[in-house]
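K.L.:
Just dropping this structure here.
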Amino acid sequence: MRSNSIVMAALAALLAAGGATTLAAQAAAADSTEALLQRAGTSRALGAKNARVTVFEVADFQCPFCAEFANQTFGRIDSAYIRPGKVQWVFINMPLSIHLNAFQAAEAALCAGAVAGKFWAMHERLYRSQSEWTTSPDPFPVFLRYARAAGVPEAPYSACVRTDRVWPVILRDATYAAAARIDGTPTYIIGQQVVAVGAKSFEEWKPILDKAIQDSTARKTP
């Protein structure tokens, strides 16, 4: 009887340990997912956190006007305002239903950000090579090639994309855009105000950003 009691106690201990291990694994997985989502979310913010002005760009990777802005104007804004610490730029995903591969492109960029901090490298490549993947029935191999070229580790990147791990970030972005009553891309917001719509040139952006910086400085001056 005593030996049976010892066996039963040992079994109970093993079961308890197994349950604890399962719970610990579930908690670790939840922590891992939350950390990945946090990295995905923060990776699309470019520039100093303490910049005077933050611009929210609501855009779609398959949008031709978004590509025009990214390819022709954004680099000059980056050089003149973002790198010097004057402006922080945050990309908000709004994949439009009329664009076949926009959601997958958003996942591709966010997963590159979550896995390797390469959101902006993917952002640049997706817009620069937009015509290569927009009509593809399966753009994943193209996106994987872009990710490899950017130095993103293949296995975790593929897992991130294939299992839709960053969709909560895209959902939050879409909710933000809906709350702001945005119905087209690209749209740009500073504070609570829409300041530009469409593919503006650098010459059109310059007075917008200069005024926003000036207004911000005036508010902070006692």
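K.L.:
Identify the residue in segment 58-76 that is among the charged types (D, E, K, R) and surrounded by fewer than 22 Cβ atoms within 10 Å (Cβ to Cβ) and, among all such residues, is farthest from the chain's Cα centre (by Cα).
P.N.:
ARG76
K.L.:
Taking segment 44-92, which residues are β-branched (Val, Ile, Thr) and part of a loop (DSSP other than H, G, I, E, B)?
P.N.:
Selection gives THR73 alone.
K.L.:
If I filter segment 157-169 for residues that are in contact (Cβ under 8 Å) with a residue 60 or more places away in the chain and within 20 Å of LEU46 (Cα to Cα), do I get at least one hit?
P.N.:
yes
K.L.:
Could you look through segment 93-138, keep only residues that are among the basic types (Lys, Arg) and part of a helix (DSSP H, G or I), and pick out the one that is surrounded by the fewest Cβ atoms within 10 Å (Cβ to Cβ)?
P.N.:
Only one residue fits best here, namely ARG128.
K.L.:
Out of everything in segment 40-54 that is within 17 Å of ARG76 (Cα to Cα) and of a type outside the set (A, V, I, L, M, F, W, C), what residue ends up being surrounded by the fewest Cβ atoms within 10 Å (Cβ to Cβ)?
P.N.:
THR54
K.L.:
Here's a check for you: in segment 154-205, which residue that is loosely packed, with under 14 Cβ neighbours inside 10 Å and either of a type in the set (Ser, Thr, Tyr) or within 14 Å of the chain's Cα centre (by Cα) (or both) is nearest to ALA108 (Cα to Cα)?
P.N.:
Filtering segment 154-205 for residues that are loosely packed, with under 14 Cβ neighbours inside 10 Å and either of a type in the set (Ser, Thr, Tyr) or within 14 Å of the chain's Cα centre (by Cα) (or both), the one nearest to ALA108 (Cα to Cα) comes out as ASP164.
K.L.:
Would you tally the residues in segment 77-94 being more than 20 Å from VAL195 (Cα to Cα) and either of a type in the set (D, E, K, R) or under 12 Å from the mean Cα position of the chain (by Cα) (or both)?
P.N.:
1
FYI, it's all coordinate maths here, none of it is from the lab. Only a predicted model underlies this, so the values are computations on that prediction, with no experimental measurement involved. For neighbour counting, all protein chains shown are included, and Cβ atoms are generated from backbone atoms with ideal geometry for every residue, glycine included.
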